[in-house]
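The next block holds one structure in the form of structure tokens; read it before the comments.
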Amino acid sequence: MESDELFINMGPVHPSTHGVARFKLRMDGESIKECTPVIGYLHRGTEKIGEMKTYLQFIPYTDRLDYIAAFPNNYAYVKAVEELAGIEVPLRAEYIRVLTMELNRIVNHIVSIGSLLMDLGAATMIMWGFRERENALQLFEMLCGARMTFNYIKPGGVREDIPDGFIPKLNEFIKDMEKRIVDYEQLINGNEIFHMRMKNIGVISGKDAVNYGWTGPTLRGSGVDYDLRKYEPYSIYPDLDFKVCVRKEGDSYARFIVRMDEMKESLHILRQVVDNMPATKLISMAEYGISPMTGTPTAVSTYFPRIFTPPAGEVYSRIEAPKGELGFYVVSDGTTKPYRVKIRSPSFCNLTAIPSLVKGLKIGDLIAAFGTIDVVLGDVDR
Amino acid sequence: MNSAEELKNLLPGSVISTGLQLNKPMAVVKKEDLVKAAGKAKEIGFDHLSVITGIDYRDHFEVIYNFFSYSKKQNLAIKVNLDHDKPEVDSLTSLWKGADWLERETFDLVGIKFIGHPNLIRILLPDGWNGHPLRKDYDMNTEQFVTIGDNGDDVVSPDGTNLLRRK
Amino acid sequence: MEKGGIRVDPVTIDTTKIKHTKKQPVTALEKLNDTGLISTLLAAREREGMILFSTIDQVFNWARLSSLWPVTSGLACCAIEMMAVAMAHHDIARFGMEIFRASPRQADLMFVAGTVTKRMAPRVKQLYEMMPDPKWVIAVGGCASTGGPYHESYSVLKGVDLIIPVDVYIPGCPPRPEAWIYGVIQLREKIKNQGYGAKWGLNK
Ligand code: SF4
């Protein structure tokens, strides 16, 4: 049946909880004929600021890209700088880094699932999720004094060693979280309305997903077994035992389940990190060949001067952030500031596919599909 | 033999030189042959276009494409050099749909034109913005403001009338 | 007991003799009076205490500050803290503002939570203009107050007060939920003391 076309503008301020995205929708009755995402409402010029600040000064800005999971952002940039300058990192620092990143992965998935359910009209999950998130944030606060924007990981290690009483609290959190994930599953997984909203909605094949440049849990939901932690390992991930969570279906529900499973894997990693963390050991200065005049390395950080100049060169370094592949392309021209910083953000590349993903669906399904892609607009617009 | 050399063996006429981008193999390609080289790379398994980076070197532009192969678990970077006066290169949207937004972003912020792109408009900044911010000669001192036009789209205005409470 | 060289005899006070001069509030009107929000209470005897005299400002302000409804306008990182403030742990419902309205027409408070970019600025202004009077604005975080960490950026507005009037600024990047709640309390104080009566000092 022929019907008139209707144009709907959604956003940039709209009730779904991901930020200031805007969709221009061309509707045929109730189904979407064409969806044009308009982004850039949070474009803050981070890449230009990267050129104006020194290497160390730019680290706080990386926190504010993907502000739900900031530790991996810190780490991705610092990893690029370390590769560029060839800086060694103490083993204990690597353990602390992985610990923070995996904790942050859990937090990210909690928020992502919570806001997805909230967009679908179920407010319980976000209340529960933020309860557990608050516990995790208290752990972050013990580490570095900040709740969301950490500036904790720095070239050569981390800023400070973990404080007393952190590990017992972390163990408590892990134990608590195990029970909570079971709670979540009981709340959501069997819910029939949820199944009807999520199953066979926003289906994408693995081949298309790769073609669109999808990465992270969204890609693994389409049956592509790929995780940079496993197949291009960095930090201490080669020593850890964890499995890559993959689902075949490629629909919204699969992406949601992958996130659920990843939380469990992250808890598993956390337990191993706590068990195997090397004890505090004061590193002798001779070990790093640094004279006492220039600074003191600690157990968690080789000394790193405030102003430093890596040799000229360029590097593209990437990690598996909670949302997907997060890469930093850093070009150094041998001065104190980077010549160019390019951020490859997972949210930006994952959002590319949305027009084809939601074609023919209803508006409500657009919200569901958008929610399972799990973008953060700070990461999209930079 | 790393992947860049493999590409050079397959396309000796197009690849100018091979080298390393710190730890990843990189091939410098003639800008006319970019689509050919990228297509070849896709054929030999590099199915993931990770990132497109445009860099302004004051006298010339460089565009760097980072690829990854899910099957072989290898990296490859392809670099093209462009003139500063005429920064134009062919678009890869026919090969990767994901290249669409990455190229639009590079056009928006660095000002490199991708020939053959179906919809090459600004993506992060509003249409009508003056200049490309990631160029080294971008004027950081002149403020530009945005207001809403009649049909709801952005209009860039230099003085911000209707927007600011006071001058 | 010596005090400054002078001997002071200790005094014993028989506490059982002390009478409470202040009467405990019993009726609803007295209880209302006891809150201190409405200080002028003149109950007309012949109407059996059913009439309350106050200034109109006091009643209105009391009603307004007790249920501020914010509009959802999360812009950036600070908006995540806004969600944290609204959730069970910090529970902004204690201030009658748990209902974040999706439509500005139903809201009277706007948290500008996050970076106001040049592109977003006209939308924020439009959102503000759509809200019915009386309305208040809280600028949350460094970005909304001055541009914050992005002050040098080419695409960020240097403070939301360039485009709309702001009542309370909350510093921080992002402000902790406690700071957030403190800011809300400051706004309540401000609302308490506004209106015509405030000019003549009647609202205290
Ligand atoms: S003040 Fe800080 S936390 Fe808040 S929006 Fe700005 S950068 Fe983000």
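Roughly how big is the B-A contact, given as buried accessible area in Å² (both sides, 1.4 Å probe, nearest 100)?
Values: alone 9790 and 16110 Å², together 22130 Å².
Chains B and A together bury roughly 3800 Å² of accessible area.
Per residue, how many Å² of accessible area does chain A show with a 1.4 Å probe? Please report the intermediate quantities before stating the final value.
Details: 12890 Å² over 382 residues.
Value returned for chain A: 34 Å² of accessible area per residue.
Using only the Cα atoms of the protein assembly as shown, build the gyration tensor, take square roots of its eigenvalues as a ≥ b ≥ c, and label the shape rounded, prolate or oblate: rounded if a/c is under 1.5, else prolate if a/b is larger than b/c, else oblate.
On the way: a/c = 1.84, a/b = 1.52, b/c = 1.21.
Here the protein assembly as shown falls in the prolate category.
Have a look at A:Gly378, A:Ile193, A:Met125 and report the one farthest towards the positive end of the charge dipole of chain A, computed about the Cα centre with Cβ charges (Lys/Arg +1, Asp/Glu -1).
Farthest towards the positive end: A:Gly378.
Apply the Karplus parameterisation 6.51 cos²θ - 1.76 cosθ + 1.60, with θ equal to phi minus 60°, to every residue of the stretch A:102-119 and state each ³J(HN,Hα) to the nearest whole Hz, in sequence, with x for glycine and proline.
Values per residue, Gly and Pro as x: 6, 4, 5, 5, 4, 4, 4, 5, 4, 5, 5, 5, x, 6, 4, 5, 5, 5 Hz.
What pairs from A:Lys337/C:Lys118; B:Lys8/B:Lys79; A:Lys264/A:Lys323; A:Lys53/A:Lys230 go past 23 Å between their alpha carbons?
Working: A:Lys337/C:Lys118 26 Å; B:Lys8/B:Lys79 13 Å; A:Lys264/A:Lys323 16 Å; A:Lys53/A:Lys230 33 Å.
Result: A:Lys337/C:Lys118; A:Lys53/A:Lys230 exceed 23 Å.
Just to check I understand the Karplus step: with θ = phi - 60° and J = 6.51 cos²θ - 1.76 cosθ + 1.60, what whole-Hz values come out for the stretch C:173-188, glycine and proline as x?
For the stretch C:173-188, the Karplus-derived couplings read 8, x, x, 5, x, 5, 4, 4, 5, 4, x, 5, 5, 4, 5, 4 Hz, x marking Gly and Pro.
Among B:Tyr138, A:Val158, A:Pro90, whose Cα sits farthest toward the positive end of the charge dipole of the protein assembly as shown (+1 at Cβ of Lys/Arg, -1 at Cβ of Asp/Glu, about the Cα centre)?
With unit charges placed on the Cβ atoms, the residue in question is A:Val158.
Just to be sure I understand: of the beta bridges DSSP finds with both ends in the stretch C:68-191, what percent are antiparallel, rounded to 5? Can you show the working numbers first?
Details: 1 of 13 bridges.
Once the DSSP bridges in the stretch C:68-191 are tallied, antiparallel ones form about 10 percent.
Rounded to the nearest 5, what is the percent of antiparallel bridges among the DSSP beta bridges in the stretch B:3-120? Present the calculation step by step, with values, prior to reporting the outcome.
On the way: 24 of 30 bridges.
Counting DSSP beta bridges with both partners in the stretch B:3-120, the antiparallel share is about 80 percent.
Can you tell me the accessible area per residue over the stretch B:3-120, all protein chains present, probe 1.4 angstrom, in square angstrom? All intermediate terms of the calculation are to be shown ahead of the outcome.
Details: 4320 Å² over 118 residues.
Result: 37 Å² per residue.
Would you tally the net charge around B:Thr147, using a Cβ to Cβ cut-off of less than 11 Å, leaving B:Thr147 out, and scoring K and R as +1, D and E as -1? The partial results should precede the final answer.
On the way: positive: C:Lys118, C:Arg119, C:Arg123, C:Lys125; negative: B:Asp150, B:Asp153, B:Asp154, B:Asp159.
Summing Lys and Arg as +1 and Asp and Glu as -1 gives 0.
To the nearest 20 debye, what is the magnitude of the charge dipole of the protein assembly as shown about its Cα centre, counting +1 on the Cβ of each Lys and Arg and -1 on the Cβ of each Asp and Glu? Before the final figure, lay out each step's value.
Working: 91 positive and 93 negative charges, 306 e Å.
The calculated dipole for the protein assembly as shown is roughly 1460 debye.
If contacts are Cα pairs under 8 angstrom and at least 6 residues apart, what is the relative contact order of the stretch C:68-191 in percent? Spell out each step's value before the answer.
Values: 245 pairs, mean separation 31.6, N = 124.
Dividing the mean separation by the residue count of the stretch C:68-191 yields 25 percent.
Cut-off 10 angstrom, C-alpha nodes, Gaussian network model of chain A. Which of A:Arg220, A:Arg271, A:Arg64 fluctuates the most?
Top of the fluctuation ranking is A:Arg271.
Would the stretch A:153-250 count as rounded, prolate or oblate if I go by the C-alpha gyration tensor, calling it rounded below 1.5 in a/c and otherwise prolate when a/b exceeds b/c, oblate otherwise? It would help to have the intermediate numbers written out before the result.
Details: a/c = 2.89, a/b = 1.34, b/c = 2.15.
Judged from the Cα gyration tensor, the stretch A:153-250 comes out oblate (a/c at least 1.5, b/c at or above a/b).
Which of these, B:Pro118, B:Pro133, B:Pro87, has the largest mean-square fluctuation under a Gaussian network model of chain B (Cα springs below 10 Å)?
B:Pro118
Could you put A:Glu172, A:Glu51 in order of accessible surface area, largest first, with the 1.4 Å probe and the full protein assembly present?
Details: A:Glu172 125, A:Glu51 25 Å².
Result of the area sort, largest leading: A:Glu172, A:Glu51.
Rounded, prolate or oblate for the stretch B:104-167? Axes are the square roots of the Cα gyration tensor eigenvalues, ordered a ≥ b ≥ c, and the cut-off for rounded is a/c under 1.5. Show your work: numbers first, answer last.
Values: a/c = 4.06, a/b = 1.48, b/c = 2.74.
Judged from the Cα gyration tensor, the stretch B:104-167 comes out oblate (a/c at least 1.5, b/c at or above a/b).
Using protein chains only and a probe of 1.4 angstrom, how many square angstrom of A:Met260 are accessible, to the nearest 10?
For A:Met260, the solvent-accessible surface is approximately 0 Å².
Taking Cα pairs under 8 Å and at least six residues apart, what relative contact order does chain A come out at, in percent? Write down the numbers at each step before the final one.
Working: 713 pairs, mean separation 100.9, N = 382.
Taking the mean separation of contacting Cα pairs over the length of chain A, I get 26 percent.
Go ahead and run the numbers for FRET between C:Trp69 and A:Glu192, Cβ-Cβ distance against an R0 of 41 Å, rounding to 0.05. Spell out each step's value before the answer.
Values: r = 34 Å, r/R0 = 0.82.
FRET efficiency, C:Trp69 to A:Glu192: 0.75.
Out of A:Asp239, A:Asp333, A:Asp261, any idea which swings most in a Gaussian network model of chain A, alpha carbons joined below 10 Å?
So, out of A:Asp239, A:Asp333, A:Asp261, the one fluctuating most is A:Asp239.
Taking a threshold of 32 Å on the Cα-Cα distance, which of the pairs B:Lys72/B:Lys97; A:Lys154/A:Lys199; A:Lys342/B:Lys31 fall above it?
Violating the 32 Å Cα-Cα cut-off are A:Lys154/A:Lys199.
Taking all protein chains together and a probe of 1.4 Å, list C:Cys173, C:Cys77 from the most accessible to the least accessible.
Working: C:Cys173 55, C:Cys77 15 Å².
These residues rank, largest area first, as C:Cys173, C:Cys77.
Below 12 angstrom from the Cβ of B:Ile112, what's the summed charge of the other residues (Lys, Arg +1; Asp, Glu -1)?
Details: positive: B:Lys31, B:Lys86, B:Arg104, B:Lys113, B:Arg135; negative: B:Asp56, B:Glu62, B:Asp83, B:Glu88, B:Asp90, B:Glu103, B:Glu105, B:Asp108.
Once all neighbours under 12 Å are counted, the net charge is -3.
Out of the total accessible area of the protein assembly as shown (probe 1.4 Å, heavy atoms of protein only), what percent is carbon and sulfur? Write out the running numbers ahead of the final one.
Details: 16730 of 31130 Å².
Ligands and nucleic acids excluded, carbon and sulfur reach 54 percent.
How charged is the neighbourhood of A:Val20? Take every other residue with its Cβ under 11 Å from the Cβ of A:Val20, and add Lys/Arg as +1 and Asp/Glu as -1.
Working: positive: A:Arg22, C:Arg119, C:Arg123; negative: A:Asp381.
Cβ neighbours under 11 Å give a net charge of +2.
The values are calculated or read from the model by the stated rules, or taken from the named source; none is laboratory data. Not measured: the values here are computed from a predicted model. Reconstructed Cβ throughout: ideal geometry from the backbone, glycine too, with neighbour counts over all protein chains shown. All accessible areas refer to the heavy atoms of the entire protein, side chains included, with ligands and DNA or RNA removed. Shrake-Rupley method; radii C 1.70, N 1.55, O 1.52, S 1.80 Å.
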